[in-house]
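What follows is a short report on a single structure.
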Amino acid sequence: MLSAKTIEIIKSTAPIVEQTGPNLTAHFYERMFAGNPELKNIFNMSNQRNGDQREALFNAIVAYAKNIDNVSALVGAVEKIAHKHTSFQITKQQYDIVGQHLIGTIDELLAPGEEVLAAWAEAYGVLANIFIEREEQLYQSNENLEGGWRGLRDFKLVEKKLESEHICSFVFEPVDGGTVSPFKPGQYVGIYINSDSFEFQEIRQYSLSSSVQTDSYRISIKREPDGKVSNYLHDELSIGDTVQLTSPAGDFFLDVDNTTPVVLVSAGVGLTPTLSMLETLNQHDAPVTWAHATENGTQHAFKDHINRLTANHANIDAFVWYNQPTKNDVEGADYHFTGLIDLHEIKDAVIQAGAQVYFCGPVGFMQHIARQLLELGLNSEQMHYECFGPHKVI
Ligand SMILES: Cc1cc2nc3c(=O)[nH]c(=O)nc-3n(C[C@H](O)[C@H](O)[C@H](O)COP(=O)(O)OP(=O)(O)OC[C@H]3O[C@@H](n4cnc5c(N)ncnc54)[C@H](O)[C@@H]3O)c2cc1C
Ligand code: HEM
């Protein structure tokens, strides 16, 4: 428990820290990577360049400081971050390192004096412990699952299949020949790449793109322009090669009973978590609606697979939008609508009592979807979404 004095100091200094925002985060990361360069093996240095992670960490600490007398308000945020942290296997010692650089940065930029620094160090320690405890629970619960493990496990690539011009699926089996732990459809794994092609170890998250299998995991990856890991996996990883994976994590997952109508909405490679859900829902009693947006036929991943699922299950309906169909694309067969996705066009499928909507894609797309869902009368409890990068409130 924090003392009343500490709480008062944090509350009165949080606005000053908030105003110092971008300078503080820039200084913090420079200080940390200079003092502890080994952390470049943990952080995505491409995210560092575009500032997203800096913003995420800083916003989390300011939100905590502002809610210092009501930490329970942050429970949802802690859960999401703790899941993400487990895919990086963050250690207690690393929490101490981050804490030292945070306090060092506040001292160097704001020189607020010993009393204020001590209060921030104490408050950071409390926050760090909340994460350390929750992350430990997640490690333990996965380890206790059938096929579960703790830490990193070696997996070998057993199948590689191009699903569209830019998206390729990869199926991995454990090198030790054992089974893999079940996951909740929508969750992701952390993948660790140690290759001579890279200066540092690279860690990324990929959503599991199939229903639960006992002996393998499938992920499906879009080649990003200048993206390090996606291009490496597309171009260099061959059948039999190994990578390391962390156990499945994430707080975006299918959570419905058999009578709940489900609407799955995705754009581009955002279909990976929703495809895992769709495959899982093939025995569902209530209606399931698949709404997917992509550029055109060459970019349309899993088209035949989804057509088969729809044909074999009367409760599944699929609707596809092509932003700019080519002359080879056939309306009615390959796609149903042209332009950006508009859920008003399938409103009867969306407006069903108690429907739950799961969506994933670029942030702008998800804002567009959330707006349409609100217009159609759905509420925020019916909406669940995943960002393929630092989480954003849409
Ligand atoms: C929960 C979660 C689930 C995910 N699931 C999937 C999934 O199922 N499938 C999938 O494909 N992806 C998924 N992602 C995204 C994935 O983790 C990676 O972010 C993505 O593959 C890009 O990684 P990369 O190493 O190829 O690109 P990075 O090297 O990380 O680069 C990221 C971006 O930065 C840009 N960039 C790189 N270098 C520079 C530079 N010098 N200057 C400016 N910009 C630069 C690149 O153009 C690229 O667009 C998921 C992410 C999360 C968080
Ligand atoms: C109390 C302390 C911490 C807070 C409040 C915090 C907060 C955050 C937040 C908000 C995110 C973004 C999550 C998301 O939306 O996806 C994040 C991601 C991350 N955190 Fe933490 N974090 C803390 C400690 C640490 C520590 C100790 C490390 C390791 C040294 C660490 C490493 C990372 C990494 C690697 C990411 C992913 C960012 C990327 O892609 O580069 N964090 N953290």
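The values are calculated or read from the model by the stated rules, or taken from the named source; none is laboratory data. Note that the structure is a prediction, hence the values are computed from the model and not measured. Cβ atoms come from the backbone with ideal geometry, glycine included; neighbour counts cover every protein chain shown. What goes into the accessible areas is simple: the full protein's heavy atoms, side chains included, and nothing from ligands, DNA or RNA. Shrake-Rupley method; radii C 1.70, N 1.55, O 1.52, S 1.80 Å.
Could you tell me the extents of region 153-245's C-alpha atoms along the three principal axes, largest first, rounded to whole Å?
So the extents along the principal axes, rounded to whole Å, are 34, 27, 21.
Can you work out the accessible area per residue across region 262-386, with the rest of the protein chains kept in place, probe 1.4 Å, in square angstrom?
I get 42 Å² per residue for this part.
Taking all protein chains as present, what is the carbon and sulfur share of the accessible area of region 153-245, in % to the nearest whole number, probe 1.4 Å?
44 percent
Give, in whole angstrom and from largest to smallest, the semi-axes √(5λ) of the equivalent ellipsoid of region 271-322, with λ running over the eigenvalues of the Cα gyration tensor.
The equivalent ellipsoid of region 271-322 has semi-axes of 19, 11, 10 Å.
Show me the ranking of peptides 213-220, 260-267 by mean Cβ neighbours inside 10 Å, starting with the highest.
Ranking, from highest mean packing down: 260-267, 213-220.
Order 346-352, 23-29, 182-188 from most to least packed using the mean count of other Cβ atoms within 10 Å.
The most tightly packed comes first, giving 182-188, 23-29, 346-352.
Beyond 31 Å between alpha-carbons counts as too far, so tell me which of Lys84/Lys327; Lys84/Lys160; Lys5/Lys84 fall in that bin.
Those over the limit are Lys84/Lys327; Lys5/Lys84.
Which semi-axis lengths, in whole Å and largest first, follow from the square roots of five times the eigenvalues of the Cα gyration tensor of the chain?
38, 25, 20
Please report, in whole Å, how far the alpha carbons of region 301-392 spread along each principal axis, starting with the longest.
Sorted largest first, the three principal extents are 37, 30, 22 Å.
On the first, second and third principal axes, largest extent first, how far apart are the outermost C-alpha atoms of region 1-76 in Å?
38, 25, 20
With a cut-off of at most 15 other beta carbons within 10 Å, and DSSP calling the residue loop, which trypsin sites (Lys or Arg not before Pro) in region 115-168 qualify? Please list them.
Here the trypsin sites (Lys or Arg not before Pro) that fit, given the DSSP loop and packing criteria, are Arg150.
Does a label point 7 Å from the Cα of Asn312, set along Cα-to-beta-carbon, have any residues of region 265-304 with amide nitrogen under 20 Å, and which are they?
Inside the label zone: 272-291, 301-304.
For the chain, give me the percentage of DSSP beta bridges that are antiparallel, rounded to the nearest 5 percent.
Rounded to the nearest five, the antiparallel share is 50 percent.
Over the Cα atoms, compute the radius of gyration (one decimal) and Dmax (the largest Cα-Cα distance, rounded to a whole number) for region 4-143, in Å.
14.8, 44
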